Amino acid sequence: MQLPIFCCGRRYTQSDRDSASIDTITLKQRTGLDLEIPPIDKGFIKRSIEASTDLADTPLCSIVNFLSNVGKNWKMADYPRRKIYVNHLCRYLGYSRAMAENEANWIALLLCASNRIYDSLACELGDWNMVDRWICREEVNLKALPLGTLLHLLPGNVPLSAVISMIRAAVTKNRSIIKLSADDPFTSSAILQSFIEVDAKHPVTTSFSIGYWPRSDSEVGPQFAKHVDAIIAWGGNDLLAWCQKHARESTDIIKFGPKRSLTIIGECDDFEEAAKRVAFDASVYDQRACFSTRQVFVMDSIYNDFKEKLAKAMTLVSELIPKGQATLDELADQALTLQQNRFLTPELLFSDAWSIVDIDSRLAEPHCLGRTIYLQKIAQPEAVYPYIDKSVQTVGIYPHGLGERLRDELARRGVSRIVEVGSHNVFRLGGSHDGLLPMQRLVRFVSQEAPSSQIIKGMPAEIDQVLILENDEFLDFIP
Amino acid sequence: MNNDLQWGIFLLTTQSPGLTPEEVIRRATDYTLYAEKLGMNSAWTLEHHFTKYGLVGSALTQAAFLLGKTATINVGTAINVIPTEHPVRLAEEVALLDQMSGGRVMFGIGRGHFIKDYMVFGVDMSKNTEMLMEGYELMMQAWATGSCSAQSEYYNFPKVDVNPPTYTKPNPPVFTVATSPETLEWAGSKGIPLLLTAFYDDEELLGMMQFYNEIADANGHDINAIPHVLTRIGGAATTFDIRAASVPLLNWWMDEFTGASSLYTTQGKNIRGYDWHRRRREQAIMRGEKKPSAGSQKVIDINPIGSPQECIDKLSRSMEILGVRHAAFGFEAVSDSVQIVKESMDCFNEEVLPKITLPEKVW
C-alpha cells in the first residue's frame with residue numbers, strides 16, 4: 001500500500017513533485033507487510049517551511065471548535081476514516097481490533113474535549129485567553145505567541161502521541177512539520193485527512209505538513225531541523241543527539257521519552273480491584289508505552305493473594321483487549337525470559353497472552369514486553385526507592401492515599417508522574433509530561449509593561465529614575 | 001482528447017427562477033444531443049419528485065427518450081430510488097431499454113434522501129437500506145437467470161420469468177450513489193461502481209473510496225477494474241468570471257435541494273440510516289454555513305468551475321487523487337443560459353479535457 005504525504009494541509013501528489021519519476025521508500029511493518037511512501041522533495045521542503053498560515057491570528061475558539069467538529073466524526077463508529085484507520089492498525093501494526101478501536105475512541109475523546117483544551121491552556125499558561133489577546137497580569141499585559149514552526153519527530157509505540165502532539169501545536173497556534181514514525185505511519189495522516197474532510201481551508205488544516213525520511217537521510221531532516229523554531233522529539237538519546245547536531249542553537253528541543261513506569265501495591269484488602277487495575281496498566285499498548293507498567297512491587301503480606309488475583313485479571317483484560325501481534329524478535333525475547341525464569345521463579349504464571357515473573361532485588365530492564373509483569377515482594381513501600389531515578393516516568397500507587405507518604409522521595413529521585421493504579425495512560429488536567437508543562441514550551445511570552453505613571457505595589461510614588469538618581473533617593477523608595 | 005478518459009453530462013433539469021418547465025425539459029434533450037455531437041461517452045438522467053430542484057420524476061422514461069434520439073452516447077440513470085419502485089418492474093424496464101438501445105443503457109441505483117418521496121409512495125423510509133439491498137439482489141437474480149422469486153418482509157412472490165433478457169451480458173452496468181458508511185460498505189461488498197458526488201471534495205471522496213476499496217478487496221473484487229464515475233459541476237469560460245457569475249444560481253440550487261430533501265428538519269431528525277448525512281450538515285453549521293447556500297463557495301472550490309486552466313488544474317488533481325477515468329459534468333448548475341452552458345461544454349471539449357493526464361498511480 002502506498003501512503004500519502006501532505007504539504008501545508010494538502011495531499012502532495014505526483015503533479016506537485018519536482019520530478020516525474022520517484023523511488024518510494026519502503027517501510028517494513030511488524031506484521032511483515034511493507035508500506036510504500038513517497039520521499040520528500042525540495043519543493044515540499046520549501047513550501048512547508050515558507051508557507052504562510054493564518055493560524056496565529058485565528059481565535060482559539062475557532063481552533064477548538066474545529067477540532068471538536070473533527071472529533072465528532074471520529075466519535076461515529078462507522079465514520080469511514082475511522083474504520084480505515086482501525087483496519088490499518090490491525091493489518092499493518094498488528095493491533096488487536098479492540099486495541100485499535102480503543103485508539104480511535106481516544107482520538108475522538110481528545111479532539112472533542114473542548115473544555116479540557118481551554119483548561120489545559122489555563123493550567124499551563126495561567127490564562128487561556130493569553131493565546132488570543134493581551135492579558136493584564138500585575139504590572140504588565142502579557143501575551144503568549146506561537147514559537148512559529150515546530151518539527152515533530154513522532155514515536156511509533158503510542159499512536160495517541162501523534163494526536164496529543166498535533167493538538168498541542170494547533171491550540172498554541174504553531175505550524176507543524178511532522179515526521180512520521182516508520183512504526184506508526186498512519187495516525188497523524190489519518191487525523192490530518194479528517195481535518196481536510198471537515199474543512200480543507202481551515203488554518204489548522206493548512207498548518208500541518210506530514211512526511212517521512214529515513215534516519216540515514218542526510219538531506220531532508222537536517223533541512224527541516226535548520227529552519228524550524230522548535231523540535232518536539234519523541235525518542236531516545238540518539239534522537240536528541242541528532243536534533244542537537246542539526247538544529248540551530250536558538251532552536252528549542254522539547255524531548256519526551258523514552259521512560260519506564262512501575263507500580264507499588266501497599267497494604268490493602270481489595271486485592272481484586274488492585275489486580276484489575278494493574279492488569280490494565282500492564283496491557284495497554286502491550287507495554288510499549290512509556291507509561292505502561294512493567295514492574296510491580298507488592299507488600300509481602302499480600303503478595304501471594306495479589307498474585308493469584310493478578311493472574312485472573314490479566315486473563316480478563318486480555319479478553320477485553322486482546323494482545324497485538326508481536327514480532328519474531330519480541331516473541332523470542334519473551335520465550336527466553338520465560339525459560340530463564342522457569343528456574344528462578346517459585347511459581348511461574350503465564351498464558352499465551354501474559355506472564356507474571358517473580359523477581360528479587362533487580363531492575364526489570366531491559367524488558368521483554370508482551371504483557372510480562374515482573375512482580376517483586378517488598379517489606380515496606382519505601383523499598384522501591386532504589387529502583388527510582390530520572391528514567392521513571394509514571395509510578396502507579398495503590399491505595400491512592402499511600403502516594404502522599406511516598407511522593408516527596410519519589411519526586412526527589414526523578415519521577416515525572418504519580419498516579420492512581422489503573423490510570424497510567426490517563427494524563428490528568430494540569431499534569432506534567434516527562435517533567436514539563438509542554439504547552440508552556442510551545443509559546444513565547446511577550447509583555448507590555450506598565451508605564452512609570454503606574455505606581456507599583458509598595459512604591460509610594462511614580463518611577464522617575466533620573467529624578468531619583470538626581471536626588472539620590474533610591475534607598476528612600478525601597479519599601 | 002485523452003483516449004483513456006471518458007466524459008459525460010449530468011442532466012440536472014432544474015427549473016430555476018425564470019425558466020419554464022417546457023424550456024427545462026427541451027434543453028435536457030438539446031444538451032444530450034450536443035453532448036453526443038461533442039463525443040461524450042455518457043449522459044445521466046436524475047430522478048426527483050415534487051421539487052423544482054429537478055423536474056424529472058422518472059429517470060428511466062427520460063433515458064428511454066434520449067436513447068431513442070441518440071445513436072452512440074450511453075445514457076444512464078443517476079439514480080433510480082429503488083425502494084419506491086418495484087425492483088422486478090425496474091429489472092424488466094432496464095432490460096427492455098438495454099435491448100432497444102443495443103446495450104447503451106446504464107442503471108444507477110440508490111435509496112435517496114427525500115422524505116416526501118417516501119411519504120407519497122407509501123414506503124417506510126427507515127427500511128430503505130434493506131429494501132435497496134434486497135431490490136438489487138432481485139434484479140441481479142432476474143438478469144442472471146431470467147427469473148426470480150422473493151420471500152421477505154418487503155418482497156414476497158413466487159418464482160416468475162422476467163422478460164426480456166438483457167442485451168448486455170451478464171447485465172447492463174449498474175452504479176450507485178453511496179455516501180453513508182452503511183451503503184458504501186454494501187456497495188463495496190458487491191463491487192458496484194460509485195457515482196462520486198459533486199458535493200464532496202477530493203479528500204472526502206478518497207476517504208469513501210478507500211473504505212469502499214477495503215471492503216471490495218476483501219470480497220474478492222479487483223478494485224482497479226471497478227469503473228467509478230466522478231460527478232462534478234462543470235463551468236469554463238474565458239471572457240467573464242464564471243465563478244462569480246455562478247453564485248446566485250448555485251445558491252438557489254443548494255437551498256432548493258436542502259429544502260426538498262427535508263432530511264435536516266425536525267421531521268427528518270429521527271429517520272434511521274441518515275446519521276452520517278446529519279453529521280455532515282452539523283459540520284457545515286459548525287463551519288459557519290448556517291444556510292445551505294453558504295456551501296456554494298465550497299461547491300465552487302471543489303468543482304472545475306473557472307478559467308480553462310483552473311478547470312484543468314482542479315480536474316487533473318481530482319483524477320490523480322481518485323484514480324478515476326470517467327467524469328460526468330453538470331454544466332447547467334452554473335448558468336441558466338443555453339449559450340453559456342454550451343460554451344462550457346465546448347471549452348471542456350477543446351481546452352480542458354485534452355490536457356487532463358490520467359495518472360498511473362493513485363496517491
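Out of the stretch B:39-71, which residues are crowded, with 18+ Cβ neighbours inside 10 Å and aliphatic (A, V, I, L, M)?
B:Met40, B:Ala43, B:Leu46, B:Leu55, B:Val56, B:Ala59, B:Leu60, B:Ala63, B:Ala64, B:Leu66, B:Leu67 - these are the residues of the stretch B:39-71 that are crowded, with 18+ Cβ neighbours inside 10 Å and aliphatic (A, V, I, L, M).
Working only within the stretch A:448-477, note down all residues that are assigned to a loop (DSSP other than H, G, I, E, B) and surrounded by 10 or more Cβ atoms within 10 Å (Cβ to Cβ).
Narrowing the stretch A:448-477 to residues assigned to a loop (DSSP other than H, G, I, E, B): A:450-464, A:471-473.
Selection gives A:Ala450, A:Ser452, A:Gln454, A:Ile455, A:Ile456, A:Met459, A:Ala461, A:Glu462, A:Ile463, A:Asp464, A:Asn471, A:Glu473.
Within the stretch A:44-66, restricting attention to residues that are in contact with a helix residue (DSSP H, G or I) (Cβ under 7 Å, 6 or more places away or on another chain), assigned to a helix (DSSP H, G or I) and at pLDDT 95 or above, which residue is nearest to the other protein chains (Cβ to nearest Cβ)? Steps first, please.
From the stretch A:44-66, those in contact with a helix residue (DSSP H, G or I) (Cβ under 7 Å, 6 or more places away or on another chain) are A:45, A:49, A:53-55, A:58, A:60, A:63-66; that's our starting set.
Add one more test, that the residue is assigned to a helix (DSSP H, G or I), and what stays is A:45, A:49, A:55, A:60, A:63-66.
The next check asks that each one be at pLDDT 95 or above; those that pass are A:45, A:55, A:60, A:63-66.
Values: A:Ile45: 18, A:Leu55: 16, A:Leu60: 15, A:Ile63: 13, A:Val64: 11, A:Asn65: 6, A:Phe66: 8 Å.
This residue is A:Asn65.
Would you please name the residue that is surrounded by the most Cβ atoms within 10 Å (Cβ to Cβ), looking only at residues in the stretch B:72-117 that are in a helix (DSSP H, G or I) and at pLDDT below 95? Reasoning before the result, please.
At the first step, the residues of the stretch B:72-117 found to be in a helix (DSSP H, G or I) are B:82-84, B:87-101, B:115-117.
With the extra rule that they be at pLDDT below 95, the set shrinks to B:115-117.
On the way: B:Ile115: 18, B:Lys116: 14, B:Asp117: 24.
Taking the candidates together, the pick is B:Asp117.
Quick check: is even one residue across the stretch B:310-320 more than 14 Å from chain A (Cβ to nearest Cβ) and out of contact with any His (no Cβ under 7 Å at 6 or more places or on another chain)?
The first filter runs over the stretch B:310-320 and keeps only residues more than 14 Å from chain A (Cβ to nearest Cβ), leaving B:310-311.
Keeping just the survivors that are out of contact with any His (no Cβ under 7 Å at 6 or more places or on another chain) gives B:310-311.
Yes: one or more hits.
So which residues in the stretch A:67-88 are crowded, with 23+ Cβ neighbours inside 10 Å, more than 8 Å from chain B (Cβ to nearest Cβ) and of a type outside the set (A, V, I, L, M), if there are any at all?
Answer for the stretch A:67-88, where residues must be crowded, with 23+ Cβ neighbours inside 10 Å, more than 8 Å from chain B (Cβ to nearest Cβ) and of a type outside the set (A, V, I, L, M): A:Trp74, A:Arg82, A:Tyr85, A:His88.
When you check A:Thr345 against the structure, is it open to solvent by 20 Å² or more (accessible area, probe 1.4 Å) and in the same structural domain as A:Tyr285 (by TED's automatic domain parsing), yes or no? Please lay out each step first, then the result.
Values: open to solvent by 20 Å² or more (accessible area, probe 1.4 Å): no; in the same structural domain as A:Tyr285 (by TED's automatic domain parsing): yes.
It is false that A:Thr345 is open to solvent by 20 Å² or more (accessible area, probe 1.4 Å) and in the same structural domain as A:Tyr285 (by TED's automatic domain parsing).
On the basis of being within 13 Å of chain B (Cβ to nearest Cβ), of a type in the set (Lys, Arg), assigned to a helix (DSSP H, G or I) and within 18 Å of B:Glu182 (Cβ to Cβ), does A:Arg91 make the cut?
Numbers: within 13 Å of chain B (Cβ to nearest Cβ): yes; of a type in the set (Lys, Arg): yes; assigned to a helix (DSSP H, G or I): yes; within 18 Å of B:Glu182 (Cβ to Cβ): no.
In short, no.
Does B:Arg279 meet the test of being farther than 24 Å from A:Ala200 by Cβ and within 14 Å of chain A (Cβ to nearest Cβ)?
Working: farther than 24 Å from A:Ala200 by Cβ: no; within 14 Å of chain A (Cβ to nearest Cβ): yes.
In short, no.
Among (1) at pLDDT below 95; (2) surrounded by 23 or more Cβ atoms within 10 Å (Cβ to Cβ); (3) of a type in the set (Ser, Thr, Tyr), which single condition is B:Ser344 missing?
The number of the failed condition is (1).
Filter the stretch B:280-299 down to the residues that are surrounded by 17 or more Cβ atoms within 10 Å (Cβ to Cβ) and closer than 16 Å to B:Glu204 by Cβ and list them by number. Outline the logic, then answer.
Initial filter on the stretch B:280-299 (surrounded by 17 or more Cβ atoms within 10 Å (Cβ to Cβ)): B:280-281, B:283-284, B:287, B:289, B:292-293, B:295-296, B:298-299.
If the condition is that a residue be surrounded by 17 or more Cβ atoms within 10 Å (Cβ to Cβ) and closer than 16 Å to B:Glu204 by Cβ, then B:Arg280, B:Arg281, B:Gln283, B:Ala284, B:Arg287, B:Glu289, B:Gly295, B:Lys298, B:Val299 are the ones that fit.
Show me the helices (runs of 4 or more DSSP H) found entirely inside the stretch A:257-356 where at least 2 residues are in contact (Cβ under 8 Å) with a residue 60 or more places away in the chain and closer than 21 Å to A:Leu402 by Cβ.
On the way: elements: A:271-281, A:303-320, A:328-344.
Qualifying helices (runs of 4 or more DSSP H): A:271-281, A:303-320.
What single numbered condition from (1) touching a residue at least 12 places away in the same chain (Cβ under 8 Å); (2) part of a helix (DSSP H, G or I) fails to hold for B:Phe329?
Single failed check for B:Phe329: (2).
How many residues are open to solvent by less than 20 Å² (accessible area, probe 1.4 Å) and in a helix (DSSP H, G or I) when one looks only at the stretch A:169-221?
Of the residues in the stretch A:169-221, 19 are open to solvent by less than 20 Å² (accessible area, probe 1.4 Å) and in a helix (DSSP H, G or I).
Answer yes or no as to whether B:Lys298 is under 22 Å from the mean Cα position of the chain (by Cα), within 14 Å of chain A (Cβ to nearest Cβ), without any contact (Cβ under 8 Å) to a residue 40 or more places away in the chain and at negative phi.
Details: under 22 Å from the mean Cα position of the chain (by Cα): yes; within 14 Å of chain A (Cβ to nearest Cβ): yes; without any contact (Cβ under 8 Å) to a residue 40 or more places away in the chain: no; at negative phi: yes.
In short, no.
What do you reckon, is A:Phe445 at pLDDT 95 or above and either touching a Cys at 6+ places or on another chain (Cβ under 9 Å) or open to solvent by 60 Å² or more (accessible area, probe 1.4 Å) (or both)? Even if it seems obvious, please write down each step before you answer.
Details: at pLDDT 95 or above: yes; either touching a Cys at 6+ places or on another chain (Cβ under 9 Å) or open to solvent by 60 Å² or more (accessible area, probe 1.4 Å) (or both): yes.
Answer is yes for this residue.
What number goes with the only condition from (1) touching a Lys or Arg at 6+ places or on another chain (Cβ under 8 Å); (2) under 29 Å from A:Gly235 (Cα atoms); (3) surrounded by 12 or more Cβ atoms within 10 Å (Cβ to Cβ) that A:Glu365 does not pass?
Going through the list (1) touching a Lys or Arg at 6+ places or on another chain (Cβ under 8 Å); (2) under 29 Å from A:Gly235 (Cα atoms); (3) surrounded by 12 or more Cβ atoms within 10 Å (Cβ to Cβ), A:Glu365 breaks only (3).
Can you name the residue in the stretch A:89-116 that is more than 23 Å from A:Ser318 (Cβ to Cβ) and of a type outside the set (A, V, I, L, M) and, of all such residues, is least open to solvent (accessible area, probe 1.4 Å)? Explain how you work it out, then say what you get.
Residues of the stretch A:89-116 more than 23 Å from A:Ser318 (Cβ to Cβ): A:107-116.
Now drop any that are not of a type outside the set (A, V, I, L, M), which leaves A:112, A:114-116.
Details: A:Cys112: 41, A:Ser114: 26, A:Asn115: 116, A:Arg116: 97 Å².
This residue is A:Ser114.
Condition check: open to solvent by less than 80 Å² (accessible area, probe 1.4 Å), farther than 30 Å from A:Ala169 by Cβ and hydrophobic (A, V, I, L, M, F, W, C). Does A:Ile418 satisfy that?
Values: open to solvent by less than 80 Å² (accessible area, probe 1.4 Å): yes; farther than 30 Å from A:Ala169 by Cβ: no; hydrophobic (A, V, I, L, M, F, W, C): yes.
For A:Ile418, the condition - open to solvent by less than 80 Å² (accessible area, probe 1.4 Å), farther than 30 Å from A:Ala169 by Cβ and hydrophobic (A, V, I, L, M, F, W, C) - is not met.
Would it be correct to say that A:Leu154 is closer than 17 Å to A:Ile254 by Cβ and more than 15 Å from the chain's Cα centre (by Cα)? Explain how you work it out, then say what you get.
Numbers: closer than 17 Å to A:Ile254 by Cβ: yes; more than 15 Å from the chain's Cα centre (by Cα): no.
So A:Leu154 fails the test.
Can you tell which of B:Ala284, B:Ala328 is farther than 22 Å from A:Phe6 by Cα, among the small types (Gly, Ala, Ser) and within 14 Å of chain A (Cβ to nearest Cβ)? Break it down stepwise before answering.
Numbers: B:Ala328 fails: within 14 Å of chain A (Cβ to nearest Cβ).
Testing whether each residue is farther than 22 Å from A:Phe6 by Cα, among the small types (Gly, Ala, Ser) and within 14 Å of chain A (Cβ to nearest Cβ) leaves just B:Ala284.
Can you tell me which residue is nearest to the other protein chains (Cβ to nearest Cβ) among those in the stretch A:33-43 that are open to solvent by 10 Å² or more (accessible area, probe 1.4 Å), out of contact with any helix residue (DSSP H, G or I) (no Cβ under 6 Å at 6 or more places or on another chain) and not in a helix (DSSP H, G or I)? Break it down stepwise before answering.
Taking the stretch A:33-43 first, the residues open to solvent by 10 Å² or more (accessible area, probe 1.4 Å) are A:33-34, A:36, A:39-43.
From the residues that got through so far, the ones that are out of contact with any helix residue (DSSP H, G or I) (no Cβ under 6 Å at 6 or more places or on another chain) too are A:34, A:36, A:39, A:41-43.
With the extra rule that they be not in a helix (DSSP H, G or I), the set shrinks to A:34, A:36, A:39, A:41.
On the way: A:Asp34: 16, A:Glu36: 10, A:Pro39: 13, A:Asp41: 14 Å.
Among those residues, the one meeting the criterion is A:Glu36.
The values are calculated or read from the model by the stated rules, or taken from the named source; none is laboratory data. Keep in mind the model is a prediction, meaning the values are calculated, not measured. Don't worry about glycine lacking a Cβ; one is built from the backbone with ideal geometry, like all the others, and counts go over all protein chains shown. Just the protein is used for accessible areas: all its heavy atoms, side chains included, with ligands, DNA and RNA removed. Shrake-Rupley method; radii C 1.70, N 1.55, O 1.52, S 1.80 Å.
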